[in-house]
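The values are calculated or read from the model by the stated rules, or taken from the named source; none is laboratory data. Predicted model, so just to flag it, every value in this text is computed and none were measured. Quick reminder, even Gly has a Cβ in these numbers, built from the backbone with ideal geometry, and neighbours come from all protein chains shown.
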Amino acid sequence: MIHHIWNITKKSCYNEPIKHLYCNSFIKTDSYDKLYEQWKNADHLSWRQFIDHNKVKILFHDDFIQQPTTDKSQPYVGYWFFKQRTDFSVKGNVYLKNNKSEKMLRYVGNAILIIETNNSFEIGNRKNSLMLRPFCEVYFSAETIDRIKTLLN
């Protein structure tokens with residue numbers, strides 16, 4: 001595990017079609033629920049404790065319709081999905097590709113995708129465009145970056 005509250009293990013690591021970490025249950029559900037309830041309120045105690053304890057930088061985004069421009073000065077970026085509780089759709093998944101293959105990852109609440117900042121992905125069309133798909137763009141401390149590199153190699 002990278003951090004004691006993260007559920008990322010070696011089983012979350014993949015090399016194809018690009019190197020990535022994908023975990024569909026990033027943190028414990030009760031912790032996720034507390035953060036979900038305070039969406040975009042980075043000053044709330046729950047978010048402050050999460051950010052400070054895990055030494056991460058969080059950028060909030062309201063809707064997962066395209067990959068945001070990443071901070072290329074960082075080697076890795078995480079996309080942490082905060083699916084609305086009333087969103088029962090199964091479309092709008094993430095597609096990782098290379099020249100030989102493609103992999104579909106599900107957009108589910110509390111899932112995280114970690115990739116190198118120079119990689120990209122596509123987002124599938126969703127059935128209900130009225131339902132927003134919030135997510136956090138996550139940047140990591142140097143210590144966590146070293147742990148990510150170790151897991152992916």
Worksheet item: Between residues in region 85-99 that are modelled with pLDDT under 90 and residues that are small (Gly, Ala, Ser), which pairs lie under 7 Å by C-beta distance while being six or more apart or on different chains?
Response: Lys91/Gly124; Gly92/Gly124; Asn93/Gly124
Worksheet entry | Selection from region 105-119 of residues that are surrounded by 13 or more Cβ atoms within 10 Å (Cβ to Cβ), polar (S, T, N, Q) and farther than 21 Å from Asp33 by Cβ | Thr117, Asn119
Worksheet entry | Long-range neighbours under 8 Å by Cβ, at least six apart or interchain, first residue part of a strand (DSSP E or B) within region 56-67, second aromatic (Phe, Trp, Tyr) and surrounded by fewer than 16 Cβ atoms within 10 Å (Cβ to Cβ) | Phe60/Trp39
Practice prompt. Any residue in region 132-153 that's touching a residue at least 12 places away in the same chain (Cβ under 8 Å): show its pairings with residues that are part of a helix (DSSP H, G or I) and basic (Lys, Arg) at Cβ separation under 8 Å, as long as the two are six or more apart or on different chains.
Written response: Leu151/Lys10
Worksheet item: Got a number for residues in region 36-55 being in contact with a Leu (Cβ under 9 Å, 6 or more places away or on another chain), within 21 Å of Ser25 (Cβ to Cβ) and outside any helix (DSSP H, G or I)?
Response: 1
Worksheet, complete the sentence: When (1) in contact (Cβ under 8 Å) with a residue 24 or more places away in the chain; (2) among the charged types (D, E, K, R); (3) not in a loop (DSSP other than H, G, I, E, B) are applied to Asp33, the one that fails is (1)
